[in-house]
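The values are calculated or read from the model by the stated rules, or taken from the named source; none is laboratory data. What you see is a predicted model, and the numbers here were worked out from it, not measured in a lab. Counting neighbours? That spans all protein chains shown, and the Cβs are built from the backbone with ideal geometry, glycine included. Surface accessibility is based on the protein's heavy atoms, side chains included, excluding ligands, DNA and RNA. Shrake-Rupley method; radii C 1.70, N 1.55, O 1.52, S 1.80 Å.
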Amino acid sequence: MRSILLKDYLEQRMYFMIILAVAVVSLLVAAWFKQLDSGVAMFLLFALQGPLFIYLAAHHQISSEVSNRTFPFLLSLPISRGRLWLAKLLFVLIYAALLYAIYVLLALICGATPADFYKLFRFSPALGFGLPLVIIAYGYFTSMLPRGFATISALIIGPAAFYVCVHPMTLTTLNYSLGASLLIVMFLALSAAVFMSDRTMSSPWRGVKGLIFLVIGSGLLLTCWLAIDAAAEASWSYDKEASSGKWLPMNGGKKIVWALQAEQHWWDVADPGRSYRGRLFLQNLETAAIKQVGSRFSNMVYSSRHESGFCNNSFAIVRASRMVGGLLRGYNHAVVDSEGKLVKTLPSPSNESTEYVRLIDDNRFIYAETIKNGNSVITEFSLYEKGRGEKVVFSAQKDFIFQDYVIMPAEKPEGPVKVFINGVSESEPEKQILVAAADGKRLMLTIAHRAAAVAASHDFVVFDEWQWNNETKHRQPSLVLAYLDGRIERLDWITGDFEVVGVTANGNILALKLAVGVKEQYLRSKESLVEFDIATKQVKDLLGFPHIGSAEIVMTPDRDRALLYYNSHDAKPVIRKFMAVDLKTGKSEEFSSLNSYRGESGAVEGQYLERGPFSIGGNRFLVEAGYVIYNLDVSTLKADEVGDIFTMFDHVVKGGGKL
């Protein structure tokens, strides 16, 4: 073996010096044009020249011996065929290691620092070590093939490589270490198979045999990759260091959709990073059944704790991963039903932003889809109805910019809600448009483009036609009522700063009044709950907070009651309260079982709201407070424990993995 290594050294040393000269000359040329820096040097050496030259070195190991008719001499040496194959491979590895070592010195001379190389290898060790080894293994395999067959093998591998690399998400999430290891093993095994199967390397069928081996090897690699993908999908464990799981209630609180963080296996085919290692599970609280929703890496779409618009009794909007052939191709917003089944994978732009999709009720949801037709772009709005499928209710091509969906509650509790698509016209600067999803009729409203729909009743929509306040440097609300008969009523008698919550069953506007002051404006601190009586043009104070702070309030479906959570900001002790508000009488009562909690040293009064409130029908809400999920009834003030988070975690994890 030593004699073969010496022979190759004597033959290749001149080519090696020429390669180094090319490297030096390329750097000098870049310096002559004042373009040389550490980045350019590393690109020239490690991205362009290095891969090319180590491939050529590997490719010529056997093919040059055959073309120069020196291969019979190698066979005459007292060395086994396997050791001959290994000696040639060993020389290429030494050749590549020495070449890259000199490249590192040249890069350091050009200004690169050890930290630059550390960052490269830390980001992906496979790119630093694995990629050159893959190139060597492939080049060594092609050296076994007759002239011209290396090009054919590239035509076979090229489309597969393009399919893998064409998607940016795949490039950023691929497990390069695993992929490089499998490719190295495959190409080296193929080179050994061809080398051992042709004694003199002169058979006219050697090239065809090599291509057949390549196809078989590629099939085996794909099978292995898919098997690893299936194993990673079936095997998981909960990441104990991750934050607590997120959840959404479904089916009247009888089921919970959980988003848990899973530990990543080093051997998984995809590695999307810690923040995307979620798994979705549907937990049936009545039967204790656990079902995974979608594939691994799926997650919730929300980031805040109160996003009840992403779930109801029948549907939930989730962020589903898209795995194709063991490759992570991206994420889709999708709608799943209460059984955990995929109802609809949302198209663009609903796929990119949840602003374009809205759950209407337990039977329907609406979404937008952009369709390109030549040079024109059409936005179609489709309504999905359970049991009937979906239909396009409105198409907009020009002069319509989507703003929001407006859901107008029914006049009677059992009646159907009305759905409108809200947009503005480019040609009408002071017009808002409401398009009825039921019949496609347009309603033009004399309301400024900047206005946003903030609430709705059964016969009018509340727009906030805000004005900029130069003194407070904040938006000043200016409410406008838009009736379905086209009438516009500006509520100029409402002053101050506030956040609209909704419209009550009495037809009054419910709002949280904001505190005055620079700090308070920045924190959006609330000081009271108020009601704007449209009929009498009066402002009614429903509930004053003992100190300014944050507040969240959600109304029942009938809009006659609400659950309010209050958290003081600067008060000592910190005061937290869960309260039931009767919107008909204006009376409010506390949930004493939650508000009686006292923290250590008396610094806190009341439980902290971790997640929710989520309306689950009737007068009931689900909230997470103090690591316990409660079922709160705002009519009876009952606070029933659904379960503590850790026990529910334990059950979900044991149902799908191990703790």
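Just checking, how many residues over segment 567-598 are closer than 14 Å to A511 by Cα and assigned to a strand (DSSP E or B)?
Qualifying residue count, segment 567-598: 1.
In this structure, is K119 charged (D, E, K, R) and closer than 17 Å to Y9 by Cβ?
For K119, the condition - charged (D, E, K, R) and closer than 17 Å to Y9 by Cβ - is not met.
Could you identify the single residue in V604, V574, V554, V581 that is of a type in the set (V, I, T) and touching a Phe, Trp or Tyr at 6+ places or on another chain (Cβ under 7 Å)?
So the residue among V604, V574, V554, V581 that is of a type in the set (V, I, T) and touching a Phe, Trp or Tyr at 6+ places or on another chain (Cβ under 7 Å) is V554.
Could you give me the residue pairs with C-beta distances under 8 Å whose first residue belongs to segment 504-515 and is without any contact (Cβ under 8 Å) to a residue 40 or more places away in the chain and open to solvent by 10 Å² or more (accessible area, probe 1.4 Å), whose second residue is of a type in the set (V, I, T) and outside any loop (DSSP other than H, G, I, E, B) wherever it lies, and which are 6+ apart or on separate chains?
Matching pairs, first to second residue: K513/V530.
Could you grab me the full set of residues in segment 111-120 that are more than 27 Å from R329 (Cβ to Cβ) and either of a type outside the set (V, I, T) or without any contact (Cβ under 8 Å) to a residue 24 or more places away in the chain (or both)?
G111, A112, P114, A115, D116, F117, Y118, K119 - these are the residues of segment 111-120 that are more than 27 Å from R329 (Cβ to Cβ) and either of a type outside the set (V, I, T) or without any contact (Cβ under 8 Å) to a residue 24 or more places away in the chain (or both).
Residues checked against (1) of a type in the set (D, E, K, R); (2) free of Cβ contacts under 8 Å to residues at least 24 places away in the same chain; (3) more than 24 Å from I407 (Cβ to Cβ):
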position	(1), (2), (3)
M555	no, no, no
L583	no, no, no
R611	yes, no, no
K638	yes, yes, yes
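Within segment 571-587, is there a residue that is hydroxyl-bearing (S, T, Y), over 33 Å from the mean Cα position of the chain (by Cα) and more than 27 Å from V604 (Cα to Cα)?
Within segment 571-587 (the criterion being hydroxyl-bearing (S, T, Y), over 33 Å from the mean Cα position of the chain (by Cα) and more than 27 Å from V604 (Cα to Cα)), the answer is yes, since at least one residue qualifies.
Only one residue in Q397, Q403 is polar (S, T, N, Q), on the phi < 0 side of the Ramachandran plot and surrounded by 14 or more Cβ atoms within 10 Å (Cβ to Cβ), so which one is that?
Going through Q397, Q403 in turn, just one is polar (S, T, N, Q), on the phi < 0 side of the Ramachandran plot and surrounded by 14 or more Cβ atoms within 10 Å (Cβ to Cβ): Q403.
Please count how many residues of segment 107-133 are under 23 Å from L56 (Cα atoms), more than 31 Å from the chain's Cα centre (by Cα) and open to solvent by less than 30 Å² (accessible area, probe 1.4 Å).
Final tally of qualifying residues: 2.
Enumerate the pairs (first residue in segment 148-160 and closer than 20 Å to L171 by Cβ; second residue anywhere and of a type in the set (A, V, I, L, M) and open to solvent by 50 Å² or more (accessible area, probe 1.4 Å)) with beta-carbon separation below 9 Å, excluding pairs fewer than 6 apart on the same chain, so at least 6 apart or on different chains.
Filtered contacts from segment 148-160: A160/L222.
Under 8 Å between Cβ atoms, which residue pairs at least 6 apart in sequence (or on different chains) link something in segment 30-49 that is closer than 11 Å to A107 by Cβ with a partner that is among the basic types (K, R) and open to solvent by less than 80 Å² (accessible area, probe 1.4 Å)?
Sorted first by the residue in segment 30-49, then by its partner, the list stays empty.
Just checking: which of the helices (runs of 4 or more DSSP H) contained wholly in segment 27-103 hold 3 or more residues that are open to solvent by 20 Å² or more (accessible area, probe 1.4 Å), of a type outside the set (V, I, T) and out of contact with any Asp or Glu (no Cβ under 7 Å at 6 or more places or on another chain)?
50-67, 71-76
From S275, S218, S237, S202, which residue is open to solvent by 10 Å² or more (accessible area, probe 1.4 Å), closer than 30 Å to I62 by Cα and modelled with pLDDT under 85?
Testing whether each residue is open to solvent by 10 Å² or more (accessible area, probe 1.4 Å), closer than 30 Å to I62 by Cα and modelled with pLDDT under 85 leaves just S202.
Would it be correct to say that G326 is small (G, A, S) and surrounded by fewer than 14 Cβ atoms within 10 Å (Cβ to Cβ)?
Here the answer is no, as G326 does not meet what is asked.
Please indicate, with yes or no, whether at least one residue in segment 165-182 is touching a residue at least 60 places away in the same chain (Cβ under 8 Å), in a loop (DSSP other than H, G, I, E, B) and either crowded, with 18+ Cβ neighbours inside 10 Å or in contact with a Lys or Arg (Cβ under 7 Å, 6 or more places away or on another chain) (or both).
Taking every residue of segment 165-182 in turn, at least one turns out to be touching a residue at least 60 places away in the same chain (Cβ under 8 Å), in a loop (DSSP other than H, G, I, E, B) and either crowded, with 18+ Cβ neighbours inside 10 Å or in contact with a Lys or Arg (Cβ under 7 Å, 6 or more places away or on another chain) (or both).
In segment 423-455, which residues are open to solvent by 70 Å² or more (accessible area, probe 1.4 Å) and either under 26 Å from E499 (Cα atoms) or free of Cβ contacts under 8 Å to residues at least 40 places away in the same chain (or both)?
E426, S427, E428, P429, E430, D439, K441, R442, M444, T446, R450
Counting just the residues of segment 298-330 that are closer than 18 Å to R277 by Cα and in a loop (DSSP other than H, G, I, E, B), which one comes out modelled with the lowest pLDDT?
S303
Select from segment 612-626 the residues that are over 22 Å from P413 (Cβ atoms) and modelled with pLDDT of 90 or more and list them in ascending order.
V623, E624, A625, listed by residue number.
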